[in-house]
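Beneath this line is the structure, given in structure tokens, with notes to follow.
The values are calculated or read from the model by the stated rules, or taken from the named source; none is laboratory data. All values reported here derive from a predicted model rather than from experimental measurement. Cβ placement follows ideal geometry from the backbone for every residue including glycine, while neighbour counts extend to all protein chains displayed.
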């Protein structure tokens with residue numbers, strides 16, 4: 001296992017917005033401050049912690065910006081110090097490292113994400129400005145757990161003290177995106193429709209799911225939020241249209257297959273998400289496309305299920321179709337429209 005590491009970097013200038021802080025913790029100046037990061041356990045039921053990425057491919061990265069409070073109680077417009085810290089054990093968000101700061105009042109803002117092994121720079125998200133944290137859309141990716149994103153805020157008061165004691169404080173991390181996954185419940189029916197008259201077994205057909213793929217296209221009229229203000233309650237600000245991604249089809253059991261999933265930002269007044277789930281052969285032949293909409297909730301996870309593989313809509317399902325209402329997990333109303 002590689003050693004934990006952190007890099008002290010120069011601060012970048014940008015404007016701050018109104019914030020809500022936890023009660024400040026008082027730390028003696030000159031003291032080594034031990035920052036401990038922990039996942040907020042109350043969110044695990046609504047947003048399960050990611051666990052299927054490999055530590056050999058990814059690291060956990062912690063980007064921390066420490067802002068000083070002025071005598072009037074406002075925050076400076078530039079961070080006093082910025083720390084970037086990473087670890088290769090991605091089985092848990094829990095982590096601890098030491099920092100030293102001058103006397104004063106500070107607010108720590110933290111963004112935690114997953115980056116390729118040994119990489120300290122940005123991957124899925126641009127973090128140069130927490131006032132405009134955004135998804136890097138030049139090559140949009142879906143169906144990857146490495147897009148999971150967590151944030152945390154903590155206020156600390158550092159007072160004059162000549163000792164060299166070590167103090168500690170904990171920053172609670174919570175997910176700020178919405179994750180959906182789309183599962184087809186008509187896998188056996190799809191197999192049956194593709195069976196040949198030569199008597200091939202379902203096991204033989206199942207090996208050829210790799211000959212199909214999914215293309216997800218987000219709504220062309222309503223932008224998908226891609227920019228977020230971390231300082232103002234992690235509120236999504238604006239986005240882009242025309243985004244899409246491809247995904248393999250993965251068998252879950254005899255009747256179900258995972259088609260796709262994504263982690264997205266949710267706008268302040270956004271109630272639903274619209275997208276099209278297209279099924280294609282590996283050679284590009286179009287099989288079917290399902291227009292679908294479902295409710296979204298910031299910091300939550302939902303599983304959308306339905307007959308996506310054998311859906312029959314209008315004659316040209318690429319240009320239209322009937323919006324279906326597949327089943328949802330959790331407490332979502334199945335009759336949502």
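Per the listing 84, 90, the residue uniquely touching a strand residue (DSSP E or B) at 6+ places or on another chain (Cβ under 6 Å) and free of Cβ contacts under 8 Å to residues at least 60 places away in the same chain is 90. Screening residue 267 on (1) part of a loop (DSSP other than H, G, I, E, B); (2) surrounded by 21 or more Cβ atoms within 10 Å (Cβ to Cβ) shows it passes everything except condition (2).
Name the residues in the stretch 274-290 that are touching a strand residue (DSSP E or B) at 6+ places or on another chain (Cβ under 8 Å) and farther than 17 Å from residue 141 by Cα, would you? Result: 274, 279, 280, 281, 282, 286, 287, 288, 289, 290.
On inspection, residue 115 fails the criterion of being in contact (Cβ under 8 Å) with a residue 60 or more places away in the chain, in contact with a strand residue (DSSP E or B) (Cβ under 6 Å, 6 or more places away or on another chain), in a strand (DSSP E or B) and in the same structural domain as residue 65 (by TED's automatic domain parsing). Annotation note: of 141, 134, 123, the sole residue that is assigned to a strand (DSSP E or B), at pLDDT 90 or above and in the same structural domain as residue 63 (by TED's automatic domain parsing) is 134. In the set 221, 298, 305, 215, only one residue is over 19 Å from residue 141 (Cβ atoms), assigned to a strand (DSSP E or B) and at pLDDT 90 or above; that residue is 305.
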